[in-house]
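Participant: Just dropping this structure here.
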Amino acid sequence: MNDWLSEAGGVLVTVAASKGSVPREPGARMLVRADGFDGTIGGGHLEHRALEIARAMLQAGATHRFERFALGPSLGQCCGGVAWLAFEPADADQMAVLRARRNDDTWRVVALDGVHDSALFDAAGARLAGSADTPAFGNERATRVTEGEGGCRWLVDAVLAPRAHLMLFGAGHVGAAIVRALSELPCRVTWVDQRDDLFPPQIPANVTVEATDTPEALVDNAAPGTSFLVMTHSHALDLRLCHAILSRSSADWFGLIGSATKRSQFEARLRERGVPETRLAGMVCPIGLPGIAGKAPAVIAASVAAQLLSVWEAATPEEQPEFH
């Protein structure tokens, strides 16, 4: 996974603010080392120039910079917008806290002027790390630049846990391919199967494994807004999970792997169990985008990942604050 929350040190580059059309939104980040980098701020000449600046900082031992980039002919990009980038040395202790809090919202507050300083805060405003004397910043769900005492500028960087949560039942070939497809996307995955030996030794950072004989209990306890995918080794288990999901009080997105014939059979059995037509209509089966007919696990995974992204993005439109 190309993860900016790497354990390696380096210079952290953050899109602090933007105006107009830019390659990436405020809050996009990359961690730059002398021999490589993790994450991305959108590629192209802007990213290339940021890599040059960050590596020059590593060589010179510089502490921090805050730069404005007009994305026009001088930078070789035709976006036409403006991006402000913050460059800072990655604090090992703070990076460790952020890695441990992947599933919790955290706010980084970083001095952009004067002496470099930074701190981390949780959603309640409690300090988690750092000693910076930061201004009051609130907890808006967006990365932005604000002014403190004396006109000094601060980066308020919202490092937000993914709101999208998929509960995936089945560790077979298709399930494993979907996990790989989602490994670098902004989501959390709970991967469920009875057969512990099917899970690979290396699990992506955004995935939690649940080896359990009672998967229906996970359905019952899942938070509203959870998405579900069912593709186990057993039609009987698939049916039990379908009934549990469609019996929830919240009408969450739910996909079942299978053909139109399987859907018809399951609908009949679920009706016998008292599932109303309105809930059955919301069951997505077959899964994947229309027009993609390939049956290879990687093809199904790409199609389903795109389908899930469209569902999740429709539910949570991005915030893109501008800096003037």
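Participant: What is the number of the single condition among (1) more than 13 Å from Phe69 (Cβ to Cβ); (2) part of a loop (DSSP other than H, G, I, E, B) that Ile41 does not meet?
Facilitator: Ile41 satisfies all of (1) more than 13 Å from Phe69 (Cβ to Cβ); (2) part of a loop (DSSP other than H, G, I, E, B) except (1).
Participant: Could you tell me which of the residues Leu289, Leu280 is touching an Asp or Glu at 6+ places or on another chain (Cβ under 7 Å) and free of Cβ contacts under 8 Å to residues at least 60 places away in the same chain?
Facilitator: Among Leu289, Leu280, only Leu280 is touching an Asp or Glu at 6+ places or on another chain (Cβ under 7 Å) and free of Cβ contacts under 8 Å to residues at least 60 places away in the same chain.
Participant: Give the residues of the range 205-217 that are open to solvent by 40 Å² or more (accessible area, probe 1.4 Å) and either in a loop (DSSP other than H, G, I, E, B) or out of contact with any helix residue (DSSP H, G or I) (no Cβ under 7 Å at 6 or more places or on another chain) (or both), sorted by residue number.
Facilitator: Residues satisfying the conditions are Ala205, Thr208, Val209, Asp213, Thr214, Ala217.
Participant: If I filter the range 65-85 for residues that are open to solvent by less than 10 Å² (accessible area, probe 1.4 Å), among the hydrophobic types (A, V, I, L, M, F, W, C) and modelled with pLDDT of 90 or more, do I get at least one hit?
Facilitator: Checking the range 65-85: at least one residue is open to solvent by less than 10 Å² (accessible area, probe 1.4 Å), among the hydrophobic types (A, V, I, L, M, F, W, C) and modelled with pLDDT of 90 or more.
Participant: For the range 16-35, name all the residues that are under 27 Å from Ala60 (Cα atoms), within 22 Å of the chain's Cα centre (by Cα) and either hydrophobic (A, V, I, L, M, F, W, C) or assigned to a strand (DSSP E or B) (or both).
Facilitator: The answer is Ala16, Ala17, Ala28, Arg29, Met30, Leu31, Val32.
Participant: Checking Ala132 against (1) in contact (Cβ under 8 Å) with a residue 24 or more places away in the chain; (2) farther than 19 Å from Gly9 by Cβ; (3) touching a strand residue (DSSP E or B) at 6+ places or on another chain (Cβ under 9 Å): exactly one of these is not met. Which one?
Facilitator: (1)
Participant: Among (1) in a loop (DSSP other than H, G, I, E, B); (2) in contact with a helix residue (DSSP H, G or I) (Cβ under 8 Å, 6 or more places away or on another chain), which single condition is Val13 missing?
Facilitator: Of everything listed in (1) in a loop (DSSP other than H, G, I, E, B); (2) in contact with a helix residue (DSSP H, G or I) (Cβ under 8 Å, 6 or more places away or on another chain), Val13 misses just condition (1).
Participant: Residues to consider are Arg99, Arg108, Arg163; find the one that is assigned to a loop (DSSP other than H, G, I, E, B) and either open to solvent by 20 Å² or more (accessible area, probe 1.4 Å) or of a type outside the set (S, T, N, Q) (or both).
Facilitator: Testing whether each residue is assigned to a loop (DSSP other than H, G, I, E, B) and either open to solvent by 20 Å² or more (accessible area, probe 1.4 Å) or of a type outside the set (S, T, N, Q) (or both) leaves just Arg163.
Participant: Still on this structure, please answer the following. Checking the conditions here, which among Glu184, Glu140 is touching a strand residue (DSSP E or B) at 6+ places or on another chain (Cβ under 8 Å), open to solvent by 20 Å² or more (accessible area, probe 1.4 Å), outside any helix (DSSP H, G or I) and among the charged types (D, E, K, R)?
Facilitator: Among Glu184, Glu140, only Glu140 is touching a strand residue (DSSP E or B) at 6+ places or on another chain (Cβ under 8 Å), open to solvent by 20 Å² or more (accessible area, probe 1.4 Å), outside any helix (DSSP H, G or I) and among the charged types (D, E, K, R).
Participant: Any idea which residue in the range 227-254 is surrounded by the most Cβ atoms within 10 Å (Cβ to Cβ), counting only those that are touching a Phe, Trp or Tyr at 6+ places or on another chain (Cβ under 6 Å) and within 15 Å of Asp193 (Cβ to Cβ)?
Facilitator: Applying the filter and picking the extreme gives Val230.
Participant: Restricting the first residue to the range 179-199 and requiring it to be among the basic types (Lys, Arg), which pairs with a second residue that is buried (at least 19 other Cβ atoms within 10 Å of the Cβ) and part of a strand (DSSP E or B) meet a Cβ separation below 9 Å and a spacing of at least six or different chains?
Facilitator: Final answer for the pair search is Arg188/His165; Arg188/Leu166; Arg188/Val207.
Participant: Another question about this same structure. Tell me whether the range 151-158 contains one or more residues that are in a loop (DSSP other than H, G, I, E, B) and either more than 12 Å from the chain's Cα centre (by Cα) or buried (at least 22 other Cβ atoms within 10 Å of the Cβ) (or both).
Facilitator: yes
The values are calculated or read from the model by the stated rules, or taken from the named source; none is laboratory data. In this text, all values refer to a predicted model and were calculated from it rather than measured experimentally. Counting neighbours? That spans all protein chains shown, and the Cβs are built from the backbone with ideal geometry, glycine included. We work out accessible area using only protein heavy atoms, side chains counted, and drop any ligands, DNA or RNA first. Shrake-Rupley method; radii C 1.70, N 1.55, O 1.52, S 1.80 Å.
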